[in-house]
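Notes for the one structure printed next.
The values are calculated or read from the model by the stated rules, or taken from the named source; none is laboratory data. The structure presented is a predicted model; accordingly, all values stated were derived computationally and were not measured. Don't worry about glycine lacking a Cβ; one is built from the backbone with ideal geometry, like all the others, and counts go over all protein chains shown. Note: accessible area is taken over every heavy atom of the protein model, side chains too, but ligands, DNA and RNA are not part of it. Shrake-Rupley method; radii C 1.70, N 1.55, O 1.52, S 1.80 Å.
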Amino acid sequence: MNFVAGYDPLDHGLIATEYVSIDLWSFIHTFTFLGLGFLVPDQMGMFFMFGALWELLEFIACNVNFMGVQAVWNERFVNTVWDLWFNSIGYFLGEFLLAFWIQRKRRLRLEKEKSK
């Protein structure tokens with residue numbers, strides 16, 4: 001992804017091949033959805049749809065000239081697919097961390113009650 005109007009520091013391609021597109025934005029996607037999975041669990045379908053809608057809007061902004069305005073940045077379709085993949089990974093990690101945290105809190109509470 002290259003911004004026409006300037007430089008995108010998160011566009012640094014860590015892995016950029018024909019079928020793989022991982023850049024620093026991939027980490028932003030992962031951590032954003034990790035937070036969503038932790039704070040709003042059991043809503044993966046809804047957040048996946050929002051992520052897919054956002055990627056569709058990005059794709060349109062990258063590929064459609066609207067009323068004489070050129071695309072703002074360039075992005076390959078493979079990057080869109082990987083963005084959705086990192087959204088999903090982040091969401092599942094967030095749900096996993098929430099479940100781990102709840103289980104740990106329960107275990108500590110039970111240990112505290114037993115020691116009384």
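The numbered conditions (1) part of a helix (DSSP H, G or I); (2) modelled with pLDDT under 80 are all true for GLN103 except (2). If you check LEU34 against the conditions, is it part of a helix (DSSP H, G or I), touching a residue at least 40 places away in the same chain (Cβ under 8 Å) and surrounded by fewer than 18 Cβ atoms within 10 Å (Cβ to Cβ)? Judged against the criteria, LEU34 is not a match. Going by the conditions given, is GLY45 exposed (fewer than 10 other Cβ atoms within 10 Å of the Cβ) and either part of a helix (DSSP H, G or I) or in contact with a His (Cβ under 7 Å, 6 or more places away or on another chain) (or both)? In short, yes.
Any residue in the range 68-91 that is surrounded by fewer than 11 Cβ atoms within 10 Å (Cβ to Cβ) and either outside any loop (DSSP other than H, G, I, E, B) or modelled with pLDDT of 95 or more (or both)? Yes, some residue in the range 68-91 is surrounded by fewer than 11 Cβ atoms within 10 Å (Cβ to Cβ) and either outside any loop (DSSP other than H, G, I, E, B) or modelled with pLDDT of 95 or more (or both). Only residues that are under 22 Å from GLY45 (Cβ atoms) and open to solvent by 90 Å² or more (accessible area, probe 1.4 Å) were counted in the range 92-116, giving 2.
Is there any pair linking a residue in the range 45-65 that is closer than 18 Å to HIS29 by Cα and at pLDDT 95 or above to one that is of a type in the set (Gly, Ala, Ser) and surrounded by 11 or more Cβ atoms within 10 Å (Cβ to Cβ), with Cβ under 7 Å and at least six apart or on different chains, and which? Cβ pairs passing all conditions: PHE48/SER88.
Kindly indicate whether any position in the range 9-21 is surrounded by 14 or more Cβ atoms within 10 Å (Cβ to Cβ), outside any strand (DSSP E or B) and modelled with pLDDT under 95. Looking through the range 9-21, at least one residue is surrounded by 14 or more Cβ atoms within 10 Å (Cβ to Cβ), outside any strand (DSSP E or B) and modelled with pLDDT under 95.
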